[in-house]
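Peer 1: Here it is, the structure, as structure tokens.
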Amino acid sequence: METIRVTTWMDAPMERCFRLATSIDLHLVSAAQTRETAIGGVTSGEIGEGQSVVWRGRHFGRWVTHTSKVDGWRPFSYFRDVMTEGWFARFEHEHHFAVMDDGTRMRDEIRFSARHGWMGRMLEKMVRRHLIGMLRRRNALIKRAAETEEWHKYLERSGAAPSSVRVAKESRAHRWDKSVVGG
């Protein structure tokens, strides 16, 4: 089992950084080098709780399909996607967000293991370098977009936030409404 940890600091609000990290459109731009496309599930806009996306891209000279499902969701501090179908024996990607004095800290943690026994384990080091490169490109794009007006391109195109984010906001607002609490 391999673990990758990458931390990115952004001078931008946590909610914006979180939403950019859930943007399928932003991911596609960051993965242009591998000709990645979203071919199933949520294929544009923002992905949310319980939703899946099927990615197809060219990695190591082969076309690879990878299906991920968001199975952990705490807007705007955390979400987790796990592979439900694909090349890996196991693949989990946790996204953590925290407000810092100087903006937002985004921390990615990817845990994976390869299939194919000893040969897969030999490939894990090469795959690790490949995944780190992809993650750094993605995070650099999230940072650039979050810190400039570029974020509008990814978040306003899709309209509102995913329904699970809207529900979380509405339930928080409802919980503190004085007419409901009895104040």
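Peer 1: Take the conditions of a type in the set (S, T, Y) and within 20 Å of R137 (Cα to Cα) and apply them to T67. Does it pass?
Peer 2: Judged against the criteria, T67 is not a match.
Peer 1: Out of the residues in the range 103-127 that are modelled with pLDDT of 95 or more and within 18 Å of D81 (Cβ to Cβ), state the one that is surrounded by the most Cβ atoms within 10 Å (Cβ to Cβ).
Peer 2: Of everything passing the filter in the range 103-127, M106 is surrounded by the most Cβ atoms within 10 Å (Cβ to Cβ).
Peer 1: Any chance you could count how many residues in the range 1-24 are of a type in the set (F, W, Y) and open to solvent by 20 Å² or more (accessible area, probe 1.4 Å)?
Peer 2: 1
Peer 1: Moving on. Please find, among R90, R80, the residue that is within 18 Å of L131 (Cβ to Cβ) and either of a type in the set (A, V, I, L, M) or under 12 Å from the mean Cα position of the chain (by Cα) (or both).
Peer 2: It is R80.
Peer 1: Is it fair to say I132 is assigned to a helix (DSSP H, G or I), at pLDDT 95 or above, β-branched (V, I, T) and more than 22 Å from E49 (Cβ to Cβ)?
Peer 2: It is true that I132 is assigned to a helix (DSSP H, G or I), at pLDDT 95 or above, β-branched (V, I, T) and more than 22 Å from E49 (Cβ to Cβ).
Peer 1: Sticking with this structure for a sec: Can you give me the number of residues within the range 112-137 that are out of contact with any Asp or Glu (no Cβ under 7 Å at 6 or more places or on another chain), hydrophobic (A, V, I, L, M, F, W, C) and under 19 Å from R5 (Cβ atoms)?
Peer 2: Of the residues in the range 112-137, 5 are out of contact with any Asp or Glu (no Cβ under 7 Å at 6 or more places or on another chain), hydrophobic (A, V, I, L, M, F, W, C) and under 19 Å from R5 (Cβ atoms).
Peer 1: Considering only residues that are surrounded by fewer than 20 Cβ atoms within 10 Å (Cβ to Cβ) and β-branched (V, I, T), which ones fall in the range 25-58?
Peer 2: If the condition is that a residue be surrounded by fewer than 20 Cβ atoms within 10 Å (Cβ to Cβ) and β-branched (V, I, T), then V29, T34, T37, I39, V42, T43, V54 are the ones that fit.
The values are calculated or read from the model by the stated rules, or taken from the named source; none is laboratory data. It should be emphasised that the depicted structure is a prediction, and the values quoted were computed from it without experimental measurement. In this analysis, Cβ positions are derived from the backbone assuming ideal geometry, glycine residues included, and neighbour counts consider all displayed protein chains. Note: areas computed on protein heavy atoms with side chains; ligands, DNA, RNA excluded. Shrake-Rupley method; radii C 1.70, N 1.55, O 1.52, S 1.80 Å.
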